[in-house]
């Protein structure tokens with residue numbers, strides 16, 4: 001399979017709004033480039049990794065009642081709050097959580113939106129497996145789970161929410177590496193009231209798997225699952 005060139009950028013620790021605005025810029029450029037070349041030349045594509053400062057984000061069809069504390073308490077606790085244009089309900093992003101935003105043209109990869117989401121789940125499952133954790137898919141709930149078939153024990157380790165227009169994507173996935181899970185207590189994560197949330201550190205008995213190590217494993221999983229050829233570009237914000 002011919003590899004697709006994708007620019008990789010590690011944005012480091014960044015506020016959600018800043019990363020969102022940057023994605024929007026790349027997304028718009030990719031869309032216009034695709035229209036200008038009529039698909040004859042692969043447009044420039046990007047894979048962004050980052051960590052966010054504390055923030056709750058609500059998907060475009062999300063229920064605001066799934067935020068369980070008042071908005072002024074979010075401000076008092078320095079937690080940002082944003083309604084977004086991605087799919088899915090409410091989730092938390094913060095330090096210790098590896099966030100990946102592919103801004104890519106699915107037609108270049110021969111994918112539709114359903115196969116794309118499945119591929120993102122595969123990337124996370126492969127990353128977890130390399131660290132000794134068995135992640136699973138759930139046909140009824142997007143993301144990556146542990147013990148998905150056992151309602152009493154099912155817990156989410158990675159949330160996925162995307163936006164696509166003319167097969168160009170933005171937003172992506174958020175894997176809990178060594179995240180402070182207490183922040184999930186103030187929401188119904190992804191709208192669920194009967195399932196828990198976990199992190200790699202918790203599943204490894206309190207042992208920190210190492211954020212940088214997990215980032216490297218996830219990059220390798222993207223290359224393997226998508227057939228990407230990653231080039232690196234340093235950005236300063």
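The values are calculated or read from the model by the stated rules, or taken from the named source; none is laboratory data. These numbers were taken from a predicted model, which means no experiment stands behind them. Please note: Cβ atoms are built from the backbone with ideal geometry, for glycine as well, and neighbour counts cover all protein chains shown.
What to note about this one:
- Flag if residue 53 is over 23 Å from residue 123 (Cα atoms), modelled with pLDDT of 95 or more and surrounded by fewer than 20 Cβ atoms within 10 Å (Cβ to Cβ): yes
- Residues in region 173-186 that are touching a strand residue (DSSP E or B) at 6+ places or on another chain (Cβ under 8 Å), over 18 Å from residue 116 (Cα atoms) and touching a residue at least 40 places away in the same chain (Cβ under 8 Å): 176, 177, 179, 183, 184, 186.
- Among residues of region 163-210, those that are surrounded by fewer than 21 Cβ atoms within 10 Å (Cβ to Cβ) and either within 25 Å of residue 46 (Cα to Cα) or within 15 Å of the chain's Cα centre (by Cα) (or both), counted: 6
- Criterion violated by residue 32 - all others in (1) in a helix (DSSP H, G or I); (2) at pLDDT 95 or above; (3) surrounded by fewer than 19 Cβ atoms within 10 Å (Cβ to Cβ) satisfied: (2)
- Condition check for residue 46: touching a strand residue (DSSP E or B) at 6+ places or on another chain (Cβ under 7 Å), buried (at least 18 other Cβ atoms within 10 Å of the Cβ) and under 14 Å from residue 102 (Cβ atoms): yes
- Some residue of region 182-190 being over 21 Å from residue 67 (Cβ atoms) and touching a helix residue (DSSP H, G or I) at 6+ places or on another chain (Cβ under 7 Å): no
- Residues being at pLDDT 95 or above, closer than 17 Å to residue 175 by Cα and in a strand (DSSP E or B) are entirely absent from region 16-23.
- Of the candidates 222, 226, the single residue that is buried (at least 20 other Cβ atoms within 10 Å of the Cβ), at pLDDT 95 or above, under 21 Å from residue 14 (Cβ atoms) and in contact with a helix residue (DSSP H, G or I) (Cβ under 7 Å, 6 or more places away or on another chain) is 222.
- Taken together, the residues in region 11-32 that are over 25 Å from residue 59 (Cβ atoms) and touching a residue at least 40 places away in the same chain (Cβ under 8 Å) amount to 0.
- Of all residues in region 59-68, none satisfies being more than 18 Å from residue 164 (Cα to Cα) and modelled with pLDDT of 95 or more.
- Strands (runs of 3 or more DSSP E) contained entirely in region 61-172, each with at least 3 residues that are touching a strand residue (DSSP E or B) at 6+ places or on another chain (Cβ under 6 Å) and without any contact (Cβ under 8 Å) to a residue 60 or more places away in the chain: 141-146, 155-165
- Total residues in region 126-144, condition surrounded by fewer than 21 Cβ atoms within 10 Å (Cβ to Cβ) and either at pLDDT 95 or above or touching a helix residue (DSSP H, G or I) at 6+ places or on another chain (Cβ under 7 Å) (or both): 9
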